[in-house]
Amino acid sequence: MPDPADLIRALDGIADPLSGRGLAAAGRVSPPRVSGTAASVVLDVTGLAAGAGATLEAAIVAALRALPGIETVRVAQTQEKRGRRILAVASGKGGVGKSTLSANLAVALARAGHKVGLVDADIYGPSQPRLLGMEDTRPTAKDKVLDPVATPFGFAMLSLGQLVAPGKALAWRGPMISGALGQLLDADWGESELLVVDLPPGTGDIQINMIQKYRPAGAVIVSTPQDLALIDAMRAMDLFTQVGVPILGLVENMSGYACPHCGEISDPFGAGGAEAAAAEAGLPFLGRIPLDIEIRRASDAGQPPAAGDGAQAEAFRMVAERIATALNL
Ligand code: ADP
């Protein structure tokens, strides 16, 4: 009887087109089952381009049949999950610009014509209402289902900050938080095809519960170039890998300093840390956003820079485009 570890190793020798990781590590295939000389595998084709499922299936059959003791291989492709998908924006720690990136990704994706919604699930600092200039808005509810609030940027949003007074959510117990997050995610999102979810930083129970229950189609990890943030980012990556959510890639924020006078970018803390970490982990690098006073100023004023037409908007647009491609939007 073949060793299951050998089968997993063989499956990991095939790259998942979305995350670049091995098929088993990416959660693209279920752990293979062996009965006699027959192996069977479930292949999840969610998010893959048309035809990619058949190519992967052929590669899986060839890889497993090459193992001693395996004669037949059955691959069951799961149905493409229709309807709304979730993009988790995560970071290993706070203050790295996860909320800023989430807001601007939603803006850039909407500008590119995609139907998106934004969920602010950051219990420690729900900042989306401020970032989008929507601090005075409150969602209404119909039959206990929340109605997301339209932003001026072509998408609707919901934030824990719109449901509770600032600082209050922190005092909640786990089940209450999970209940509130569920209300945000199960709201009436209408035609939105993708919900960008600004997750709380870190890798605790709240994150794990949410990921397991709502199974994001992909995750984006935000980090600054500094080593410490990267170690935390690695932990966040492990979390998604363990539950089989494909990591679409890493974004390096506050990468280099954009001179407010001439626009030239210098690197006082070094640059490329996240890119190197992505390469090491075998993950795509989705781009860098410079440390730019204009980004902070516009964000504080409730005007997401991705809605403008400067270099800042272009940086966010490029990251959004790579994500849209990875998700086959
Ligand atoms: P997080 O969600 O990871 O805690 P935030 O998005 O709230 O981080 O960002 C923390 C602070 O850093 C905010 O004041 C924000 O305006 C600022 N900031 C984030 N990214 C940049 C950037 N690229 N350039 C300048 N300031 C930034």
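Cβ-to-Cβ counts within 10 Å put Thr55, Thr241 in ascending order as Thr55, Thr241, the fewest first.
Across segment 211-329, how large is the tail of the calculated P(r) beyond 23 Å, expressed as a percent of all Cα pairs? The proportion of pairs with Cα distances above 23 Å equals 35 percent.
Once both labels are positioned 7 Å from their Cα atoms along Cα-to-Cβ, the gap between Ala76 and Arg173 label points is 3.9 nm. With both residues required to sit in the chain, DSSP beta bridges show an antiparallel share near 25%. For a straight C-alpha distance cut-off of 16 angstrom, the aspartates and glutamates reachable from Lys142 (same-chain residues fewer than eight places away being disregarded) are Asp186, Asp188. Compute a Gaussian network model of the chain, connecting alpha carbons closer than 10 Å, and tell me which residue from Gly69, Gly97, Gly287 fluctuates the most. Result for the chain, Cα springs under 10 Å: Gly69 fluctuates most.
Here is how the number arises for the chain: DSSP H runs of 4 or more residues each give -39500 (n - 2.57), the sum is divided by the residue count, and the result at 222 nm is -10500 deg cm²/dmol. To test your reading of the geometry: what angle, between 0 and 90 degrees and rounded to tens, separates the Cα axis of helix 98-111 from the longest principal axis of the chain? That helix lies at roughly 90 degrees to the long axis.
Helix 52-65 axis versus longest C-alpha principal axis of the chain: approximately 40°, rounded to the nearest ten. Whole-Hz Karplus values for segment 5-16 come out as 4, 5, 5, 5, 4, 5, 5, 6, x, 10, 7, 6 Hz, taken residue by residue from phi with 6.51 cos²θ - 1.76 cosθ + 1.60 and θ = phi - 60°; glycine and proline positions read x.
If you take all other residues with their beta carbon under 11 Å from the beta carbon of Ala320, and give Lys and Arg +1 and Asp and Glu -1, the sum is +1.
The dipole here belongs to the chain: it is taken about the Cα centre, uses +1 on the Cβ of Lys and Arg and -1 on the Cβ of Asp and Glu, and is about 760 debye.
Between 0 and 90 degrees, rounded to the nearest ten: what's the tilt of helix 311-326 against the longest Cα principal axis of the chain? On a 0 to 90 degree scale, this one is about 30.
Note on Arg9/Ala150: beta-carbon distance plugged into 1/(1 + (r/R0)^6) with R0 of 45 Å gives a FRET efficiency of 0.35.
Under 1.5 on a/c is rounded, so check that first for segment 260-329, then, if it is not, pick prolate when a/b is larger than b/c and oblate when it is not; a ≥ b ≥ c are the square roots of the alpha carbon gyration tensor eigenvalues. Before the final figure, lay out each step's value.
Details: a/c = 2.52, a/b = 1.26, b/c = 2.00.
Because a/c hits 1.5 or more and a/b fails to exceed b/c, segment 260-329 counts as oblate.
Need one number: % antiparallel among DSSP beta bridges in segment 1-105, to the nearest 5. Walk me through the intermediate numbers first.
On the way: 5 of 12 bridges.
If we restrict to bridges inside segment 1-105, about 40 percent are antiparallel.
Since every read-out is calculated from the coordinates, none of them should be taken as a lab result. Bear in mind that the values here come from a model prediction, so they are computed numbers and not experimental data. Positions of Cβ are backbone-derived with ideal geometry, glycine not excepted, and every protein chain shown enters the neighbour counts.
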